[in-house]
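Enquirer: Provided herewith is a single structure, encoded as structure tokens, for subsequent inquiry.
The values are calculated or read from the model by the stated rules, or taken from the named source; none is laboratory data. Remember, predicted model here, so these are calculated numbers, not experimental data. Neighbour counts run over all protein chains shown; Cβ positions are idealised from the backbone, glycine included.
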Amino acid sequence: MDYEEAINWLYGRQQLGIKLGLDNIKKLITEIPKPVDELPIIHVAGTNGKGSTCAFIDSILRHCGKKTGLFTSPHLISFCERIRINGIQISEKEISKRISQIKVLVEGWDEEPTFFEITTALALEYFVDEKVDVAILEVGLGGRLDSTNIVNPKVCVITPISLDHQHILGETISEIAKEKAGIIKAGVPVVSAKQKIEAKYILESKSAEIKAPLLFVNDSSGLDKISLKGKHQRENASLAIGAVKTFLPDIKDQCCVEGIGKTIWRGRFEKLTRDNESDIIIDGAHNKDGAFALVSTWIETYGNEKATVIFAAAANKDLKSMVESIAEIAAVVILTEIDATRKIADHSDISRYITKDKEIKKTKSVNEAIELAKTFKSKILIAGSLFLVGEALAILDNKSQLFEPSDQ
């Protein structure tokens, strides 16, 4: 198969939905087979900030000379973003070769492996083959029954836990925290961000039960020279440093400083500047806490200046909290259709949470929304959905770039 055939077959697995559980991934890893247990792994769960924290960890380790593997999800533009060696995305040639092999392997299985199970197995075998010094794995959903939880990590990391994916993970912080805490292993150090009281109790209880040393990182002071904007990113960077120092106690502070200063993680308050055009800021704020962090960062960066906001969100999100928060910094809100496999919120459902003093426009495409936003002569903010962020970046980076929408 070529890349297009391979990736289409893989995306076709999304029709199987999300099936939490470890039986399939265990079988897949066993039959590949690769010595995944030999990989030194830093495993990262949480609600917000997982991707940024993984990126900080990866950058710090690369700056102290380690060969790193990085596995994150979802991607923004191309599937290849999910799997990287030393910051370099896996090639389409590698993807097509490895998916072709896995496709043959799983033919005839009584229970077909899902999209994310195959993606996880592909990443792990690639990291083994490339002989990485350390692999940083981001949990896809939850933790306890996520495909990545097949690994035996050296360090477990928990970013801030909040409400998201309640239909799968539970309706309360405590229920969700139990799922995230499922990555904690006996005797393996846990490094956690500052947590809400309910989540903190769950993490402390689980760690004590299985004798896993637990460290909470509460201080992000002094981290001003980081590459990603916002108080929440300083907290993510601080958590990353705590994780790396747990993994490598003798690491030099200079590696941490250089690593967090040169981290690249797209779609997180990312500013694009064009000649004679308004700045465009793109942020993947796709839940309540993400929206709050975005607004705080906007005010920290631009004060009382208002934005022309391009917005779209998945239908199952907390629209009221997200929209009311982001609308605070908007003069104009442009609601747009996006290329997504997931059900997207109707414009009418979004509009009800926007106050009447805001001008509301509607467009049929992201490209149309961007062109319309430019006519308002103010800074443009694109936010509300990672689908929107990915499609916008594909347009703004290179209008001929293939955008690969993915539901998982």
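Enquirer: Inspect the range 103-116 for any residue being small (G, A, S), surrounded by fewer than 18 Cβ atoms within 10 Å (Cβ to Cβ) and closer than 22 Å to I29 by Cβ and give the result as yes or no.
Expert: Yes, the range 103-116 has at least one match.
One line per residue, one yes/no per condition, for (1) aliphatic (A, V, I, L, M); (2) on the phi < 0 side of the Ramachandran plot:
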site	(1), (2)
I173	yes, yes
G187	no, no
S207	no, yes
R234	no, yes
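Enquirer: Conditions first: (1) assigned by TED's automatic domain parsing to the domain that holds I88; (2) in contact (Cβ under 8 Å) with a residue 40 or more places away in the chain; (3) surrounded by fewer than 15 Cβ atoms within 10 Å (Cβ to Cβ). D279 passes all but one, so which condition is the exception?
Expert: So the condition that D279 fails would be (1).
Enquirer: Then there is this: Quickly run through the range 86-102 and pick out the residues that are crowded, with 19+ Cβ neighbours inside 10 Å and either at positive phi or not in a helix (DSSP H, G or I) (or both).
Expert: I90
Enquirer: Mind checking which pairs have a first residue in the range 70-83 that is within 21 Å of G142 (Cα to Cα) and a second that is charged (D, E, K, R) and part of a strand (DSSP E or B), Cβ under 7 Å, 6 or more apart or different chains?
Expert: Correct list of pairs: L70/R84; F71/E138; T72/E138; S73/E138.
Enquirer: Still on this structure: Can we say A307 is within 22 Å of T363 (Cβ to Cβ) and at pLDDT 95 or above?
Expert: Yes, satisfied.
Enquirer: Next up: So, of the residues in the range 17-69 that are part of a helix (DSSP H, G or I), hydroxyl-bearing (S, T, Y) and out of contact with any strand residue (DSSP E or B) (no Cβ under 9 Å at 6 or more places or on another chain), which turns out to be modelled with the highest pLDDT? Before you say what the answer is, go through the steps one by one.
Expert: Step one: list which residues in the range 17-69 are part of a helix (DSSP H, G or I), which gives 23-31, 36-38, 50-63.
Filter again for hydroxyl-bearing (S, T, Y), leaving 30, 52-53, 59.
This time we only want the ones that are out of contact with any strand residue (DSSP E or B) (no Cβ under 9 Å at 6 or more places or on another chain), so: 30, 52.
Values: T30: 92, S52: 96.
Here the answer is S52.
Enquirer: If you scan the range 267-276, which residues turn out to be in contact (Cβ under 8 Å) with a residue 12 or more places away in the chain and either closer than 10 Å to I60 by Cβ or surrounded by fewer than 17 Cβ atoms within 10 Å (Cβ to Cβ) (or both)?
Expert: Selection gives L272 alone.
Enquirer: Looking at the range 142-253, what helices (runs of 4 or more DSSP H) fall wholly within it and have at least 3 residues that are crowded, with 17+ Cβ neighbours inside 10 Å?
Expert: 173-180, 197-209, 231-247
Enquirer: Any idea which residue in the range 331-341 is nearest to the chain's Cα centre (by Cα), counting only those that are under 17 Å from S385 (Cα atoms) and surrounded by 15 or more Cβ atoms within 10 Å (Cβ to Cβ)?
Expert: Restricting to residues being under 17 Å from S385 (Cα atoms) and surrounded by 15 or more Cβ atoms within 10 Å (Cβ to Cβ), the top hit is A340.
Enquirer: Can I ask one more? Among the strands (runs of 3 or more DSSP E) confined wholly to the range 304-408, which include 2 or more residues that are of a type in the set (D, E), touching a residue at least 12 places away in the same chain (Cβ under 8 Å) and over 22 Å from Q166 (Cβ atoms)?
Expert: Fully inside the range 304-408 and qualifying: nothing.
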